[in-house]
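Here the structure comes first, spelled out in structure tokens, and everything after it is commentary.
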Amino acid sequence: MPTATIILNRTETHDSLTISAPTPGGLHGRLQVPGDKSISHRALMLGAIAQGETRIQGLLLGEDPRSTAACFRAMGATISELNSDLVTVQGVGLGRLQEPIAVLDAGNSGTTMRLMLGLLSSQPACFFTVTGDDSLRSRPMKRVIQPLQQMGAQIWHRHGGFAPLAVQGRILQPIHYQSPIASAQVKSCLLLAGLTAEGNTTVTEPALSRDHSERMLKAFGAEVLVDPETHSATVVGPAQLQGQTVIVPGDISSAAFWLVAGAIVPGSELVIENVGVNPTRIGILEALLAMEADITQENCREVAGEPVADLRVRSSALKACTIAGDLIPRLIDEIPILAVAAAMAKGTTVIRDAAELRVKESDRLAVMAAQLNRMGANITEHPDGLDITGGTALTGTEVDSYTDHRVAMSLAIAALVATGTTTIHRAEAAAISYPEFTTTLQQVCGV
Ligand code: S3P
């Protein structure tokens, strides 16, 4: 029987991933996904500003956490060579970041830029300049600049609120900010800015976003109050942070690719071990279960303040569902791969309230609709979502990641159920959050 062919073609500038994937018998195996990206950023940042040593096990070695590590090294934190076994961070202590002598480069990482801005704005007597890559310099920063300015921050930006940015750090005032969007990056930025402010800094969101900052700040010794009813989080300043041991669970946003692959490739059974299943992140499980995917959580446990489980997926016939409202922030990064699942499901899946996807690493609504439609899917774009009518056969063709890591990997999973050969251009984007993606793809396909 023919097996899959998965070839990564490297050139000096870009990689392309060519997949022709008859997968007789389906995908099989037990696998591990790399460390959670959100938790990895926060462990490096809190380690850098805490007193004493932080030890991080399971750090994601993707490009985004590397950007965070480089920025905080430039501000005086001693961070050991990055590896997934153990990274040690010698923190400078709260309010004691050093003025860097060069521009801080957040690369492709919105989390690095937005969270870091909270710390830079509240760092007295230091001046900072911050930039990022083409994608990040076109992403909105006003959402953090405006509330930081309400706290008294001094920030300069390009017209429209885009990076490059300049910051003159100073002592800030606490505020209660009613955020118009459910964004963990906005919330975390303000909580970090509030660490050195005198009093309570509170962020109230329209729906609950991921709460890794609240959990980790508490573990490092800050007083953090959360009100799940009103979706509010408060940090009491000035805080004291002491270095800790952080054990980073596998990233459910990376596991999502295998959950969908296992669900849509007939005959598959995969177990993804050690996945973080924080309630603010498991919207993907809820959506796939609503689509009648066969997914079970096993070996559920708590590791260093975060719930963790092994996830088993077996292929099954999927049905369309509606994904909207409060569910969106809990699966915000998984909508590209959910679009692939929906393209294979019976009926029309409706995604709404997801306009935020237009300002991610790419315009994920436009890019996923266009690229999957090139493969034969039936997707209609809406200002804040997609209608995806599943069940049309996908055909391999040339598609493009638009340099967006989650788009690149979602298209690779779509290729597993397409006839013929699919070539994904600019596939190197996967390294932002999942450097081992192609190797694991080959492994589960038995190549
Ligand atoms: C993240 C929050 C989310 C998410 C991003 C990581 C975080 O962004 O999309 O990948 O680590 O706080 P928003 O806060 O902009 O929704």
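A short reminder: the numbers here are calculations on the coordinates, not readings from a lab. As the structure is a prediction and not an experimental result, all values here were calculated from the model. Here the Cβ is made from the backbone with ideal geometry for all residues, glycine too, and neighbour counts use every protein chain on show.
Brief remarks on what is shown
- When the helices of the chain are scored as -39500 (n - 2.57) per DSSP H run of n ≥ 4 and the total is divided over every residue, the value at 222 nm lands at -8500 deg cm²/dmol.
- If you take the Cα centroid of the stretch 347-385 and the Cα centroid of the stretch 168-204, the two points sit 32 Å apart.
- When Rg and the Kirkwood radius Rh are both evaluated on Cα atoms of the stretch 228-288, their ratio Rg/Rh stands at 1.16.
- The number of Lys pairs in the chain with C-alpha atoms less than 17 Å apart, excluding pairs fewer than 8 positions apart on the same chain, is 7.
- Sequence ranges 322-329, 4-11, 64-71, ranked by mean other-Cβ count within 10 angstrom, highest first: 64-71, 322-329, 4-11
- Backbone HN-Hα couplings from phi across the stretch 123-128 [Karplus 6.51/-1.76/1.60, Hz, Gly and Pro as x]: 9, x, 6, 10, 10, 9
- Its relative contact order, with pairs defined as Cα atoms under 8 Å and 6+ residues apart, puts the chain at 18 percent.
- Each residue of the stretch 195-315 gets 105 Å³ once the volume of the Cα convex hull is shared out per residue.
- The stretch 37-247 shape via C-alpha gyration tensor axes, a/c threshold 1.5: rounded
- Gyration tensor verdict on the stretch 94-150 (Cα atoms; rounded if a/c is under 1.5, prolate if a/b is larger than b/c, oblate otherwise): oblate
- Residues with amide H under 5 Å from that of MET291, placed H, sequence gap 5 or more: none
- Reduced Cα scattering model of the chain, Debye log10 I(q)/I(0), q = 0.08, 0.14 Å⁻¹: -0.43, -1.30
- For ASP133, nonlocal amide neighbours, meaning residues 5 or more places apart or on other chains whose placed amide H falls under 5 Å from its own, are GLY107, ASN108, SER109.
- Only beta bridges with both residues in the chain are counted; by DSSP, about 75 percent of them are antiparallel.
- Pairwise centroid distance, computed over Cα atoms, of the stretch 112-127 with the stretch 88-110, Å: 9 Å
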